[in-house]
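The structure appears right after this line, and notes come after that.
Only the coordinates and a few stated rules stand behind these numbers; no lab work does. Predicted, not measured: the structure shown is a model, and the values here were computed from it. As a convention, Cβ positions derive from the backbone with ideal geometry for all residues, glycine included, and neighbour counts pool all protein chains shown.
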Amino acid sequence: MTPRRQLVVLVSADLISNLGTRISVVTIPWLVLVTTGSPTKMGLVAFAETLPYLLSSALGTPWADRIGLRRTSILCDAGSAVVMVVVALTPWLGFVPLVALVAVAGALRGVGDRVKHVMFRPAAEAAGVPLIRLTSAYDGLSRVVTLFGAAVGGLLIAVFGVTEAILIDAASFGVCALLIGVLVRPPAVPTQPTQPESYLRALRGGFSYLGRDRPLLGMLAVISALNMVANASVAVYIPVWVARELPGPSGLGLVLAAFSAGALLGNLVFTALGPRLPRRLTFLVGALVAGTPRLVALAISDELPVVLVVTFLSGIGIAAVNPLLGVALYERVPPELQTRVIGIAGSLAFVGLPVGALLGGWSVDALGFTPALLTMAAACLVVTAYPLVARSSESQTQSTPAVTP
């Protein structure tokens, strides 16, 4: 198989795995609702999957370096398939074993997702595909999977029932493991030093490198802030605005669709133009457009068309941010550290999602709707604009001649 086809298979397998994850976001909580009737337990099982996912993304990667990236990916997807089969066929085990199984599945997916992303770089280089084009196209395809994954999960439940839907979910992970096991042979990546490192030393090496790379840390802080804004908006701000300003809930879907449509259009444009754009300026402009304006529009406008237009433009802005972080990680981090650093970076970027939902609800209760939006908008502006201000200050300091006594 040609290198380009192997890259297509690798990306396709990752997207299939992502689809399985999105389906499980719907099917597992629905199983809990059917078997327990408790919304609280639905939230607990979702949390039980998310927390291990974030932790294993950062803490499990040193073991992936020892085992090997391709082998780790196959084992994680095969393990996820087995866990989902057990969940589907043993609802009689009770709630606590279900939470434990879901936590195992989340941990497996966290490591599995990270190692696939590390495999992208050598596969893309062997295929002659520019990294910026790959990361942008992948970001757009991931958004499509995210957009339709939940709907697919609901449709599977409606057509086949929750048990069969979870089994189909398990099959998606099995297909992913099979594709990578049979068809993907990425070029060797130097992931291990000459002498094997202890787990803690290997983990410390990833954290130490990331701590020294100030530009990467700045990009991660920006993306974490944007994820916080995005989840606060989806979970709290947009539904509250729709309930306050519109006669019915249909506007909620329109606002969410506007952001997704803008992001997809932005991905198409950025995939074509990304290699020719200045990276730092593009990242900063995209981040500034993606976060604060959509919050300000909700705070000061009661007109749906205004909110839709601003939200659509914010979606276009976000399309440049994630691909540029991906390229920076691939190009700046030494190959032998990429598994660990990319894993830690993924956890730091995603931590804004649960924080955003919690902070969004608390801010509205504590401050009121409009003050909460403006406060969050100001905080997001500070975080997203800081790299630009810091770079300007650094340049000014470096250009100022030293004064001798």
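Computed extension length for ARG276-GLU245: 7.0 nm, one decimal, from 0.36 nm per residue of separation with the Cα-Cα distance subtracted. Judged by the gyration tensor of its Cα atoms, with axes a ≥ b ≥ c, the stretch 209-389 is prolate; a/c meets the 1.5 cut and a/b is the larger of a/b and b/c.
Full extension of the chain between VAL8 and ALA171 yields a length gain of 56.7 nm, computed as 0.36 nm times the residue separation minus the alpha carbon distance. Sites count as exposed loop sites when they are GluC sites (Glu not before Pro), lie in a DSSP loop, and have at most 16 other Cβ atoms within 10 angstrom; the longest stretch of the chain without one is 1-196. Normalised size of the chain, defined as Cα radius of gyration per 2.2 N^0.38 Å with N residues, equals 1.01. If you wrap the tightest convex hull around every Cα atom of the stretch 1-136 and split its volume per residue, you get 111 Å³.
Here the extension length gained between LEU268 and PHE148 equals 41.4 nm, from 0.36 nm per residue of separation less the Cα-Cα distance.
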